[in-house]
Amino acid sequence: MFSSFGQTFFIALFSSDIRENFALTHGEFGWVYMLATLASAAMLILVGKVVDHAPVATVAAGVCAGLALVALGLSLASSIWTLGFALFGLRLFGQGLMTHTAMTAMGRWYEKERGRAVSIAGLGHQIGEGVLPLVVVGLLSWLAWTTVWQGAAFIMLTIALPVIFLLMRVERLPRGKATQDTVYSQRQYTRSEALADPLFWVLCVTTLAPAFIGTSFFFHQQHVGEVKQWSQALIAASFGAMAIANIVFALLAGILIDRFSAKTLLPFYFIPLACACTVMSVFEAPATLWVFMILLGASGGTANTLLGAVWPEIYGTKHLGSIRSLIMAGMVFSSALGPGVTGWFIDRGVSFPTQTLYMVVFCTISTVVLYFTSKALRARA
């Protein structure tokens with residue numbers, strides 16, 4: 001849940017204040033955000049494997065401290081360079097390492113009901129997305145935006161760090177009569193072996209689209225409101241509907257994964273995303289925003305659970321931190337491209353709702369590709 005402070009939906013709530021403070025256009029802020037996020041993705045590849053070697057609680061405590069420091073840094077930023085460095089830290093410690101640490105632990109600690117474990121842990125994302133937009137909009141009505149970020153830093157140090165450390169200090173491993181050999185009876189891919197697998201790259205290219213699309217909308221939500229004539233309060237309220245859909249489909253996906261496997265469900269999670277993009281590109285009425293957010297939540301909830309469970313299912317758990325760091329870096333990279341690329345088109349007169357029409361095409365193609373990828377993975381297993 002506390003990764004929210006480094007997630008795009010949270011940072012975008014301050015987009016107008018940041019652009020006004022630093023005299024940036026939508027596209028210019030998008031490019032600063034993109035470069036900071038790209039740098040964090042590169043760093044994540046280097047540091048993400050620490051979860052394979054250090055206790056999870058120690059890693060989590062360090063990530064909490066780092067996230068608090070950069071949140072404070074954003075509130076004190078006085079130039080475009082310090083803004084970029086603060087955004088780099090927020091993306092690295094928040095979206096990157098906080099989520100990576102949590103999902104690596106879930107994938108490694110639980111086996112028989114891994115899908116449900118991942119879906120329950122992932123509820124933190126949905127809680128943050130459902131609650132924080134309304135809280136922030138309320139706080140910004142009587143507090144400076146810099147004060148809100150200072151409050152986030154205080155919360156990270158005084159609440160998140162001690163609570164997460166206490167909850168994660170005991171390493172959970174699959175229990176029972178299994179020996180170390182039987183725990184690793186599945187083939188345990190190293191990072192280099194995973195990189196040599198062609199299906200790894202197919203999965204990467206297709207599964208990065210939700211991060212690109214979702215992050216682009218979150219980042220440019222104020223622009224979408226201007227184009228569609230939807231108020232910021234309406235958009236903030238609709239996050240609750242997205243969060244509810246996210247929770248329902250995350251838990252449902254966890255149950256289905258435990259019953260049918262993550263590999264089997266791969267082709268289906270792009271369908272609600274394609275429908276969401278269609279709604280955004282075609283309809284104008286305020287009520288359709290709620291339809292869009294529910295479909296986006298359905299896609300996000302399914303994707304969070306599915307992508308948390310599919311990697312250990314395919315490549316094993318022994319080197320999961322090292323392999324997942326590549327996946328997370330790819331997702332961070334994709335989320336970096338989204339605001340920059342879509343912002344560039346916005347500055348040139350192509351609105352975000354118009355761009356979503358092309359996203360529908362990609363989602364449709366990805367569904368077909370993942371159908372054949374799923375068949376190949378099941379045949380290999």
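The values are calculated or read from the model by the stated rules, or taken from the named source; none is laboratory data. Not measured: the values here are computed from a predicted model. Cβ: placed from backbone, ideal geometry, glycine included. Neighbour counts: every protein chain shown.
Per this entry, T206 is not counted among residues that are at pLDDT 80 or above and either over 19 Å from the mean Cα position of the chain (by Cα) or closer than 23 Å to S325 by Cβ (or both).
Considering only the range 121-138, I want to know if a residue exists there that is free of Cβ contacts under 8 Å to residues at least 12 places away in the same chain, in a helix (DSSP H, G or I) and surrounded by fewer than 16 Cβ atoms within 10 Å (Cβ to Cβ). Looking through the range 121-138, at least one residue is free of Cβ contacts under 8 Å to residues at least 12 places away in the same chain, in a helix (DSSP H, G or I) and surrounded by fewer than 16 Cβ atoms within 10 Å (Cβ to Cβ). Going through A61, A86, A12 one at a time, which residue ends up being part of a helix (DSSP H, G or I), closer than 28 Å to P162 by Cα, at pLDDT below 90 and touching a helix residue (DSSP H, G or I) at 6+ places or on another chain (Cβ under 8 Å)? Of A61, A86, A12, the one residue that is part of a helix (DSSP H, G or I), closer than 28 Å to P162 by Cα, at pLDDT below 90 and touching a helix residue (DSSP H, G or I) at 6+ places or on another chain (Cβ under 8 Å) is A12.
Between R91, R108, R114, which is under 23 Å from F239 (Cα atoms), of a type outside the set (A, V, I, L, M, F, W, C) and in contact (Cβ under 8 Å) with a residue 40 or more places away in the chain? Break it down into steps so the answer makes sense when it comes.
On the way: R108 fails: under 23 Å from F239 (Cα atoms); R114 fails: under 23 Å from F239 (Cα atoms).
Only one candidate qualifies: R91.
Among the residues making up the range 29-46, those that are buried (at least 19 other Cβ atoms within 10 Å of the Cβ) and of a type in the set (V, I, T) are V32, T37.
Hey, could you check the range 303-337 for residues that are more than 12 Å from the chain's Cα centre (by Cα) and among the hydroxyl-bearing types (S, T, Y) and say which is nearest to A105 (Cα to Cα)? Working first, answer last.
From the range 303-337, those more than 12 Å from the chain's Cα centre (by Cα) are 306, 309-326, 337; that's our starting set.
If we keep only those that are among the hydroxyl-bearing types (S, T, Y) as well, we get 315, 317, 322, 325.
Details: Y315: 15, T317: 10, S322: 12, S325: 13 Å.
Of everything passing the filter in the range 303-337, T317 is nearest to A105 (Cα to Cα).
If only residues of the range 251-260 that are surrounded by fewer than 19 Cβ atoms within 10 Å (Cβ to Cβ) and in contact with a helix residue (DSSP H, G or I) (Cβ under 7 Å, 6 or more places away or on another chain) are counted, the one that is nearest to A121 (Cα to Cα) is I255. All of (1) at pLDDT below 80; (2) polar (S, T, N, Q); (3) farther than 30 Å from L134 by Cα hold for Q222 with one exception: (3).
With respect to L76, determine if the residue is over 30 Å from F352 (Cα atoms), among the aliphatic types (A, V, I, L, M) and surrounded by fewer than 19 Cβ atoms within 10 Å (Cβ to Cβ). In short, yes.
Can you name the residue in the range 310-359 that is aromatic (F, W, Y) and farther than 30 Å from A376 by Cα and, of all such residues, is surrounded by the most Cβ atoms within 10 Å (Cβ to Cβ)? The residue in question is F352. Can you spot a residue in the range 219-242 that is crowded, with 21+ Cβ neighbours inside 10 Å and outside any helix (DSSP H, G or I)? Yes, there is a match, as at least one residue in the range 219-242 is crowded, with 21+ Cβ neighbours inside 10 Å and outside any helix (DSSP H, G or I).
Counting residues in the range 150-163 that are within 30 Å of A309 (Cβ to Cβ), surrounded by 15 or more Cβ atoms within 10 Å (Cβ to Cβ) and either basic (K, R) or under 15 Å from the mean Cα position of the chain (by Cα) (or both) gives zero. The criterion of being touching a residue at least 12 places away in the same chain (Cβ under 8 Å) and surrounded by fewer than 18 Cβ atoms within 10 Å (Cβ to Cβ) holds for A376.
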